[in-house]
Ligand code: MG
């Protein structure tokens, strides 16, 4: 039998968070949920060590897993693990930092195999940085880094043997940062297996940045008989015909706004700025774009880059592309090199080719906005 022990009783003090970081969301899901999902196919029981004030909140996250339960965490990590081991029934225990949500199935399988073959299995990575011994702000020694590894979790052991080591450490009043240290001091040198760079511990605010999110938008406006200009990306372009629209008809910004809203998982511009609403009659699309940016920023998201493609048989757009880029970059608060604008004709094919209207496509990439 295998038990997964998840250490979730820590505080996010290094990250400067008011709440426990394993309850913070990463890409819309509490960090703890990722480890639960990863261990679920392998563990006969899952035990989460947590502080009493968070027990009810954590218990709700365990609801999908009938074999998962909480135990009271201690004031130190060793105490939390000790309590979990006493509550566990399985003979093999895999101890894991709940703040490492990206552990792979490969790692879990390697950990179990290592315990079965060698009696223990500690996830570790060779160092790529140089390690130095420091005294009062000065380096006093640089040992060969081949002698060192960066220790991750999971760390697997036979429960009885680790429990014995923890009891002896308790009796000696010694504390360790993780179980590999206790096991090395009171049982035997634990066996290493190769970890993964992706299996990092979420520690600092930037570690919680959600994965990037892509969005796509498209819009078409028909030419009308009258008019003397069109608006594209906030730039006024002379044209023998204007575009039919409730707003200023900036078809490129409309596609862009839909791409931004779509990337944020929000409804489209027709929902936020309906053309049945008189407030948006003749609206400046740049102002609407500012409103959209505010909405996505309120979700903790920021714009990484955007790409706009304009398909128009007329007028000639090449002389205006640089101005368009500058206006869009300014509105989004990003560098001009993060705004791509392409313009082309439709080779006289279809409604665009016949000069009946303009179609624009846009994509947007969003990422987290980090605020301290
Ligand atoms: Mg439109």
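Can you list the strands (runs of 3 or more DSSP E) lying wholly within segment 52-153 that have 3 or more residues being assigned by TED's automatic domain parsing to the domain that holds residue 31 and closer than 19 Å to residue 176 by Cβ?
Here the list reads 92-97, 120-126.
So which residues in segment 193-226 are within 20 Å of residue 96 (Cα to Cα), crowded, with 18+ Cβ neighbours inside 10 Å and at pLDDT 95 or above, if there are any at all?
Matches in segment 193-226: 193, 195, 199.
Would it be correct to say that residue 279 is in the same structural domain as residue 355 (by TED's automatic domain parsing), under 26 Å from residue 222 (Cα atoms) and in a helix (DSSP H, G or I)?
Answer is yes for this residue.
Tell me the residue from 43, 18 that is part of a loop (DSSP other than H, G, I, E, B) and exposed (fewer than 15 other Cβ atoms within 10 Å of the Cβ), please.
It is 18.
Within segment 238-280, track down each residue that is over 36 Å from the mean Cα position of the chain (by Cα), over 20 Å from residue 311 (Cβ atoms) and away from the ligand (no atom under 13 Å from the Cβ).
276, 277, 278, 279
The values are calculated or read from the model by the stated rules, or taken from the named source; none is laboratory data. What you see is a predicted model, and the numbers here were worked out from it, not measured in a lab. Here the Cβ is made from the backbone with ideal geometry for all residues, glycine too, and neighbour counts use every protein chain on show.
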